[in-house]
Amino acid sequence: MVRHSLFTNSEVEREREILQSRGRKVIWLTPDNQEIEAQIPPTTYPPRKDTSMLAEAIFSLGEGRGRKMLEIGCGSGVIGTWANQRNWRCSACDINPYSVAATRALFSNYGFPPEMVREGGPGEGANSAWAGDENYDLIVWNLPYMSPPQNATELLGPLEESALLDLEKDGTDSLLLNSLQTIEPNSASISHTKTQHPTAADALNISASAQTQQTSFKGSRLLAKGGLILLVHSSNENGRRISGKWAKKGWASKIIHSTSFADGEELFVLALWRAFSEARVERVDSIDSTNRYLLEKGGRLGSRICAIQQTEGRGMSNNKWDTRDGSFACSWVLHDGMQTQFKPGQAQLLAGLATLKAINFLTDDTGGTKKEGIFKGIEIFQKWPNDIWSKRGKVAGILIEGRSDGSKQTIVLGIGVNLCEIVSGTSSANSKQNIAHEQKYPHDSLQNIFTKSVSRKELERTLNATLASYFENPPLQILPTEKENIIPQTDISFIAEKAQIFSNITHYLHHHSKPMINGVVVKPTDINSDGELVVTHKGESISIDSPSQLTWPHKSQP
């Protein structure tokens with residue numbers, strides 16, 4: 001939202017002529033069927049389809065109930081005026097002085113203080129200069145995303161064009177991201193030399209410290225604790241990069257409204273929030289099993305523990321998963337409460353996609369791909385039901401485990417990733433054993449695959465964000481269910497991503513493995529609502545709920 005000096009003398013002259021023209025009156029219909037009459041001065045962005053789409057997203061949050069809201073790029077002022085009518089305490093800002101004047105006039109006409117509107121925006125000085133000293137519950141921004149008109153009869157002046165064009169190298173949304181802080185939840189850490197998980201006293205000390213520090217953020221937050229950001233953008237390259245860019249800083253995201261046009265372009269409203277902001281965070285040097293520890297301890301949704309070394313890590317069917325200095329191991333609480341109708345098959349596949357996305361975001365400078373989760377030029381895939389593989393071997397594994405005690409149920413998610421090559425022992429016996437194990441269970445690492453290195457800290461922060469995007473409800477939403485009920489959110493996320501997950505899986509199968517039952521190749525045709533793989537076997541459609549029902553000969557490549 002920084003003002004750019006990139007107009008020619010003729011464009012400046014055209015702007016002067018436009019400014020001398022008369023404005024126009026518009027009547028905008030709100031989502032709750034109210035009419036707002038606004039005077040639109042020259043160069044000010046008028047209410048359009050994207051305005052109404054943003055309003056629908058705000059409307060889905062219910063009445064404001066006195067909560068604080070900031071509209072960046074207020075344009076005509078209709079969104080802010082309507083929000084104030086719905087009992088949001090809405091402030092607004094814009095870099096266009098004519099938009100500021102129009103919004104102030106509209107606020108005044110409808111009985112709201114015009115001083116709540118400021119000139120400026122992200123990237124222009126201190127946050128307080130354009131946002132005041134508040135921490136807002138809701139921040140909305142209809143970002144510039146359109147291409148300029150190509151013909152000589154264009155109706156927009158340079159000021160209005162600057163409100164439509166994404167002129168920032170890293171995307172205009174980066175100005176807001178940089179005005180916020182990177183999410184680095186302070187966590188207690190303790191070093192364990194024993195192979196069992198921390199003692200009760202250790203856990204209590206970790207928990208108390210983490211609980212005290214979990215909401216500590218440095219600098220001006222701008223967004224209040226539990227706050228939500230809504231951004232409007234298109235499906236162009238800059239729009240596709242937003243989720244990954246913010247995830248690397250610790251922000252979860254979800255598209256909550258969208259609309260498509262005949263040319264294939266899509267407009268969307270992206271919700272962003274601090275991932276698992278109420279969760280406990282623990283880090284240890286060594287532990288027997290991060291999953292086992294959380295199954296015993298429980299915690300709020302998203303509470304996690306990460307370990308440098310895991311001495312008794314395991315995968316499906318109790319296969320051993322070594323976690324050493326070159327690996328990442330972390331577990332999250334998905335549910336800790338009353339018994340639920342949880343579908344682990346769904347959750348494993350979503351966690352796999354979240355892992356694939358996190359790796360993509362951290363290793364792809366361009367922000368990626370037309371379809372997040374599929375790599376271009378680099379062979380890395382999601383393998384049903386719970387692995388990430390490259391063309392050489394396994395890169396990451398996912399394991400969901402549960403424990404029930406009467407009416408109480410705890411469900412945890414563990415993820416292990418090979419960051420770099422692990423050097424094994426050099427003895428003859430070890431070498432033979434390692435070679436045999438490697439032939440049966442080939443592995444690979446991110447270091448081998450990508451030129452860009454990935455640190456534990458980066459992966460933990462980004463993966464925490466991509467997981468929250470699927471398993472956590474965005475804040476402020478009106479939900480008929482318990483806030484932390486994982487079931488409906490998992491169902492919603494799985495339905496939205498099912499086609500993408502199946503595409504990832506079939507991409508792997510097409511290139512590197514042909515699943516078989518009793519030596520007969522089967523053809524995967526779908527994933528059902530439980531996350532089971534549906535295949536055609538001897539002309540019949542059957543559902544596979546365990547990888548042990550299949551053989552997966554992997555075609556390893558150099």
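Numbers for the structure displayed
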item: Spacing of the two label points (7 Å from each Cα toward its C-beta) at residue 526 and residue 56, in nm; result: 2.8
item: Sites residue 126 and residue 300, calculated FRET efficiency, Cβ-Cβ separation with R0 45 Å, nearest 0.05; result: 0.85
item: Added length on full extension, which subtracts the Cα-Cα distance from 0.36 nm per residue, residue 133 to residue 170; result: 10.7 nm
item: Region 509-549: C-alpha pair distances exceeding 11 Å, %; result: 64
item: Qualifying trypsin sites (Lys or Arg not before Pro) in region 50-98, DSSP loop, other Cβ atoms within 10 Å at most 16; result: 65
item: Pairs beyond 29 Å (Cα-Cα), from 68/249; 25/169; 25/49; result: 25/169
item: Added length on full extension, which subtracts the Cα-Cα distance from 0.36 nm per residue, residue 110 to residue 237; result: 41.8 nm
item: Ranked list, fewest to most other Cβ atoms within 10 Å of each Cβ, for 364, 173, 137, 545; result: 545, 364, 137, 173
item: Residue order, fewest to most beta carbons within 10 Å, for 501, 256; result: 256, 501
item: Cβ-derived FRET efficiency at R0 30 Å, residue 34 paired with residue 339, nearest 0.05; result: 0.10
item: Full-stretch length increase - residue 458, residue 491 - with 0.36 nm per residue and alpha-carbon distance subtracted; result: 9.1 nm
item: 11 Å beta-carbon shell around residue 229, net charge (K/R +1, D/E -1); result: -1
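We did not get these values from a lab; they are worked out from the coordinates using the rules stated. These figures come from a predicted structure and were not determined experimentally. Glycine gets a Cβ as well: all are built from the backbone with ideal geometry, and neighbour counts include every protein chain shown.
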